[in-house]
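Some notes on the structure that comes next.
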Amino acid sequence: MALTNTESYPRSNPDWLRFGSPTIYGESVPKILGSVDCAIAATGVELVFDMYIDAGVTITALNFVTGGTAAGTPTNGYVVLRDSTGAKLAQSADFTSTARAANTAYAGTLTAAYTTPSAGLYRVGISFTATTVPTLRGVSMLNAALAAAGRACSQTHGSGVLGVAPATVATPTSAFVIPYIYLT
């Protein structure tokens with residue numbers, strides 16, 4: 001059950017109550033599973049993954065938690081919300097040289113709030129350009145066959161994307177991690 005308090009998951013949602021009734025509108029994986037230190041992608045490459053979001057949710061930020069590796073000399077980065085086909089819907093401002101310490105929660109505030117017109121799968125992307133890309137807390141599928149079963153759970157794409165997300169997801173490569181991202 002997702003850590004949300006929406007029409008799909010009413011106020012009796014035990015996870016939502018257990019975590020102090022936060023204003024969270026969705027999460028990529030249950031928070032309790034975000035125990036793995038995930039290497040997300042090479043510098044300047046976007047990691048994108050599926051996330052279910054209810055209809056009518058106004059999203060102002062895609063928040064993430066760094067893992068044990070901090071960003072080393074960051075120059076660019078972003079978070080992006082995409083539709084199920086990978087087309088860009090909303091993006092944060094360029095992270096530029098903002099430090100990203102290890103084991104810290106960060107808000108990836110969108111440049112404009114986005115309200116989901118329908119319930120379903122959306123895609124969330126994150127990218128860093130840095131001498132050392134930070135790791136993120138999340139889950140890892142250590143078996144390539146498991147990760148390849150059905151639709152790819154996560155993918156990498158692009159190169160040298162810097163601080164602006166590509167308009168679409170082009171020539172993706174399967175990845176084996178899903179970072180913990182939560183919507184506010």
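Throughout, read-outs are computed from the coordinates displayed, never taken from laboratory work. Nothing here was measured: the structure is a model prediction, and the numbers come from that model. Cβ coordinates were reconstructed from backbone atoms using ideal geometry, including for glycine residues, and neighbour counts include every protein chain displayed.
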Using θ = phi - 60° and the Karplus relation 6.51 cos²θ - 1.76 cosθ + 1.60, list the HN-Hα couplings for region 114-122 in order, rounded to whole Hz, with x at every Gly or Pro.
10, 9, 5, x, 8, 7, x, 7, 10
Just want to confirm a number: the relative contact order over the chain, from Cα pairs under 8 angstrom separated by 6+ residues, in percent.
33
Helix-only estimate, please: 222 nm mean residue ellipticity of the chain, summing -39500 (n - 2.57) across DSSP H runs of length 4 or more and dividing by its residues, to the nearest 500.
-1000 deg cm²/dmol
Packing rank of 85-96, 171-182, where each peptide gets the mean count of other beta carbons within 10 Å, highest leading
171-182, 85-96
Cβ-placed point charges (K, R +1; D, E -1), dipole of region 28-183 about Cα centre in debye, nearest 20:
80
Between [x] 166; [y] 108; [z] 175, the structure-derived volume of the Cα convex hull per residue in Å³ is [y]
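Note the full-extension length gain between Thr104 and Thr173 as 0.36 nm times their separation in residues minus their Cα-Cα distance, in nm to one decimal.
The Thr104-Thr173 span can extend by a further 22.1 nm.
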How would you order 124-130, 40-46 from highest to lowest mean count of nearby Cβ atoms within 10 Å?
124-130, 40-46
